[in-house]
Structures are given as C-alpha cells and as structure tokens.
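Have a look at the structure below, then the notes.
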Amino acid sequence: MDPDSLPASYADAEPRPFWLDQADAPEPGAPLEEEVEADLLVVGGGLTGLWAALLAREEEPDREVVLLEGERIAFGASGRNGGFVDASLTHGIENGVARWPDEMPALERLGRENFAAIKETMARHRIDARFEETGELAFAMAPHQAASIPEIVEAAQTYGWPAEALSAEEAQSEVHSPTYHGAASLPEGRGVVDPARLAWGLADVSRATGVRIFERSPVTRLARAGAGLLAATPGGGVRARRAVLATSAFPPLVRAIRRYVVPVYDYALVTEPLDPERRASIGWAGRQGLTDLGNQFHYYRLTRDDRILWGGYDAVYNFANGMGPRHDERPASFELLAGHFFETFPQLEGLRFTHRWGGAIDTCSRFSVLFGTALGGRAVYAVGYTGLGVAASRFGAQVALDLLDGRDTERTRLRMVRTKPVPFPPEPLRWAGITLTRRALAKADSRGGRRGPWLRLLDRLGMGFDS
Ligand SMILES: Cc1cc2nc3c(=O)[nH]c(=O)nc-3n(C[C@H](O)[C@H](O)[C@H](O)COP(=O)(O)OP(=O)(O)OC[C@H]3O[C@@H](n4cnc5c(N)ncnc54)[C@H](O)[C@@H]3O)c2cc1C
C-alpha cells in the first residue's frame, strides 16, 4: 500500500476506545457528594478494583464496601486493552521461569484456577462479556523468531498446556498473511473478551451485592485517620477501615508506587466490520488471539462483529511519567500500526479504521503484578501488570484482600507476592534508561534477536522493559 495513503485509513476514526464507544455503554454513575463510612474503600474502577470490591463482599457479605472511580468504570487500561485473557500470572511462562523457577508449578496452577474462576463468575452472574476461549497463535515474523518456537512449545508443555509448532505454510494456512515464518499454537488457557463489558458486568454484580460505586469521584487525598483512613474527593469523602488501591498507571496516592511503576503508552486501531469476502480472504477460522514474537510486538483479534483490533508495537514512555488525554492520540504510532497492518494483510487494502486510541500500561521492571502496604498497613496496592492484567487482575485483587486482612495463604507466601521489582531510577535517568532500552530492543529485533551489552546487563540485574 502506498505509504502516503496510510493516514487516510485512520483519519476519520473515532479518537476513543472502541470498547467504550458501544451504543449500549452505560452512562457514568453519580459522583460522591457526601461523607460516607465503609469497612473497605477500593480506589479505581478498573478490573482490579472491581474484582476486589466483588470478592470482598462475597467473602464477607456484611462488609461495607465503597468503590471510588475518578472518571467512569473501565476508563483506564480496562477499557482500552486488546481483551486477551491469559491464564498466566507471570506475563508468560518464560518470564515466570526466569524469575521464580521454583514457584512456577504453583503459579501456573493458581493461574489456571484464576482463569477457571473468571469463567465461572461470568457464567454464574450471566455476564455477557463476549468471551471466546479461542487459544492463541504467536507468529514468527523473522527466521530467528521461528527458531525460538520449539522452546516456547516445550515450555508450555512442561506446565501441562497443549502446544504445537506450526511451519510457515501451516501458519499461513491458519491466518492468510504472507509475513509469517511459523507459529506457536497455544490452544488452551487463552481467549478473548470484550473487556469493557466484563468491567460493566462486574460493576453491576458488585452493586447488586451491595457495593456502593461512585464514578467521577477522584480521590485527591488519602491519609490516616485514627485507626483507619480518610479519602477526600472533590464532592465528599470516605472514612474507611482499610483500602485497596487499584490505580494502575495513574498518578499514585502513595509514594512507593512511583518507584516501581511507569506509565507506558500503547496504541490500537479497530477496523470497520469485514464484509464476507474480506473475512474469507484472511482465513482465521479459529478466531484466536494473535501476537508476534518480536520484542516489539503486535497483538490482534477479531471482535464479535468481525472487526480487527490491531495494537501494540510502540511502547511510549513520556518524560516524568507523563500521562493524560493529550497522549491518547499519537499520529506517528497510528501510521506505523496502519502500515504494519496492510503489510500483514495486503488483501485488505482499502479497509478503513473506525477507532483509534492510546492507553497507559502500568509497566514494572519484572512485568507482573506487585503488591505493597502503605499508611501503616491500612492500604494495600496491586499494580504493575505490564500489559497482561485482564485475567491476572482477579488474582491481584485476591492477594490484596489477603494482605489487608493479614491472612497467611498460599498466595501471600509466594516470593512473587513478597518481593518487589527492581525500582526505576528517578528522572532524568528514568527517561534516559527507558529510551536506551527501547532502542536496544528494536535493534535486537532487527539483528536476528541478538541482545547487545545493555540488554545483557539489564538481564543480569533482573530488569526489563515490556508492554
Ligand atoms: C492499550 C492496552 C492494551 C492492553 N492489552 C491487554 C491484553 O490484551 N490482555 C491483558 O491481559 N492485559 C492487557 N492490558 C493490561 C490490562 O488492561 C490491565 O492490566 C487490566 O485491565 C487491569 O487494569 P487495572 O484495573 O489494574 O487498571 P485500570 O483499568 O487502569 O484502572 C485504574 C482505574 O483507577 C482510576 N483511578 C486512578 N487514580 C484514581 C484516583 N486517585 N481516584 C479514583 N480513581 C482513580 C482510573 O480512572 C482507572 O479507571 C492492556 C493495557 C493497555 C493500556
């Protein structure tokens, strides 16, 4: 496709997340306009906060739970993501094995149980989040990536997952793109969901079980008050015994989070629905979630009405944790994404994108959720999922509740739960280090996967950068 015509393909796209732009999206709920009391305050109306609120009520139906969301339910990552549901709690098996090899059998089992519990919750409460248990295909886009497929397959099989290596021909016959050099087929423990519908469904069920949810109610201050806490919002306040902080990449209410988590912007496009002829031209009968195996990778999947959501590749860190609506649009990333899309599917030339957006990922240097207590043990945070938190958010919420209640469980004994990632340095080193790392990762992709001295040093320090 002529590169000059790429911007036209997304020029008329709605500048908002496809998931939040659906005709039956609920209006944001009422803000908090009084002082209320609660046993448990949850800050953040994404999947982590919603699971925490619901599980807290289910565990103890008498517990008074209030959830405060600064904007609207699923405003953050939970309404902007690819909707890949993955049983892994460790941002993939490879990352887990590198960090917690002894714990991996337990972490994988807990991940399986978590995945099953999410499905069970959706079924029990009739949440129609358009979940499809499709499995996943991870494509090699270069020969060196194809060489890594047997290792990926073996690692999955080691932990009891079915997995298969596909040749270039087999990969291309599954999904018709001339760019594939092979694939790893991972048919179980993975699927796709409409993440906003999952969040709305969890919010409805939480309300039905007695959780009080206030939207458009940003917590501007959180402080100790006697044996508990006081959270202030522009219109009111909550006095609570304990709090779960599920604020992801947003400016944190407790300082510790800032050391461990940086907001990294990831961008996505959604196409118009494919007509039957175009739909047939790409194969993809299994409707799997698709990714590729580079350091800089795309993720793509079909929606219920046969659009393609196409995202990833760029992972943009803005100086001093820069966040906010002005970063939701990034023409350079949209152009790159559109270019890669038509390289992957040249037969779809002329297709238009109807939505474009960006979202902040709560990246930490070990790529999986981290926990900590603050304000004298009155508050617990669960943040840092690094782009794989749609399913892991339920586990994160459970651990946060365990920690708040001082429960000694298999989960709280995990080293993954008890330890923290290597912190990011303060600015300007933070920006310089991340920029250097992004460049080194891109270079490794273009040089047959060879990791240069900077990446090898980070590997030794247990630090990384991913989305
Ligand atoms: C572009 C993108 C693609 C992704 N793709 C995938 C994927 O395909 N699969 C996957 O598993 N994961 C993916 N992720 C990650 C996944 O979306 C999250 O890990 C998951 O949804 C859990 O989010 P959360 O609830 O922790 O945070 P969020 O959904 O970001 O929720 C945090 C909420 O806290 C609110 N908040 C913040 N501060 C305050 C305050 N002071 N007062 C009140 N409210 C506040 C925010 O408004 C926000 O709604 C992706 C993320 C992004 C951004």
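The values are calculated or read from the model by the stated rules, or taken from the named source; none is laboratory data. Fair warning: this is a prediction, and the values are worked out from it, not measured in the lab. Here the Cβ positions follow ideal geometry from the backbone for every residue, glycine too, while neighbour counts run over all protein chains shown. Please note that ligands, DNA and RNA were not included when accessible areas were found on the heavy atoms of the full protein model with its side chains. Shrake-Rupley method; radii C 1.70, N 1.55, O 1.52, S 1.80 Å.
Here are some notes:
- Here is what passes the span test in the chain: the DSSP H helices with alpha carbon length of 15 Å or more along the helix axis and a Kyte-Doolittle mean of -1.0 or above are 47-59, 104-124, 195-208, 331-344, 392-404, 429-446.
- For Glu133 and Arg279, a Förster radius of 22 Å and the Cβ-Cβ distance give a FRET efficiency of 0.60, rounded to the nearest 0.05.
- Solvent-accessible area per residue for the stretch 199-274 (1.4 angstrom probe, square angstrom): 39 Å²
- When Rg and the Kirkwood radius Rh are both evaluated on Cα atoms of the stretch 248-400, their ratio Rg/Rh stands at 1.04.
- Within the chain, percent of DSSP bridges classed antiparallel, to nearest 5: 70 percent
- Taken over the C-alpha atoms, the stretch 192-311 has Rg and Dmax values of 20.7, 66 angstrom.
- Net charge over other residues, Cβ less than 12 angstrom from the Cβ of Thr179 (K, R count +1; D, E count -1): -2
- Cα pair distances of the stretch 385-467 binned at 10 Å [whole percent]: 14, 34, 28, 19, 4
- Ratio of Rg to Rh for the stretch 47-206: 1.04 [Cα atoms; Kirkwood radius as inverse mean 1/r over pairs].
- Taking a sphere under 9 Å around the Cβ of Thr134 and counting the other residues whose Cβ falls inside, with K and R at +1 and D and E at -1, yields a net charge of 0.
- Cα principal axis extents for the stretch 314-414, largest first, Å: 57, 30, 23
- Dimensionless Rg/Rh of the stretch 1-99 - Kirkwood Rh, Rg from C-alpha atoms: 1.12
- For the chain, the spread of Cα positions along each principal axis, largest first, Å: 65, 48, 45
- Long-range tail of P(r) for the stretch 109-200 (Cα pairs > 20 Å, %): 47 percent
- Largest to smallest accessible area among Met463, Met1 [probe 1.4 Å]: Met1, Met463
- The peptide list 355-364, 423-432, 369-378, put in order of mean Cβ contacts within 10 Å with the highest first, becomes 355-364, 369-378, 423-432.
- By accessible area, using a 1.4 Å probe on protein heavy atoms only, the stretch 197-238 has 53% of its surface on carbon and sulfur.
- Probe 1.4 Å, accessible area per residue of the stretch 56-101, Å²: 35 Å²
- Efficiency of FRET between Glu410 and Asp12 - r from beta-carbon atoms, R0 51 angstrom, step 0.05: 0.50
- Volume per residue for the stretch 410-451 equals 99 cubic angstrom (convex hull of Cα atoms).
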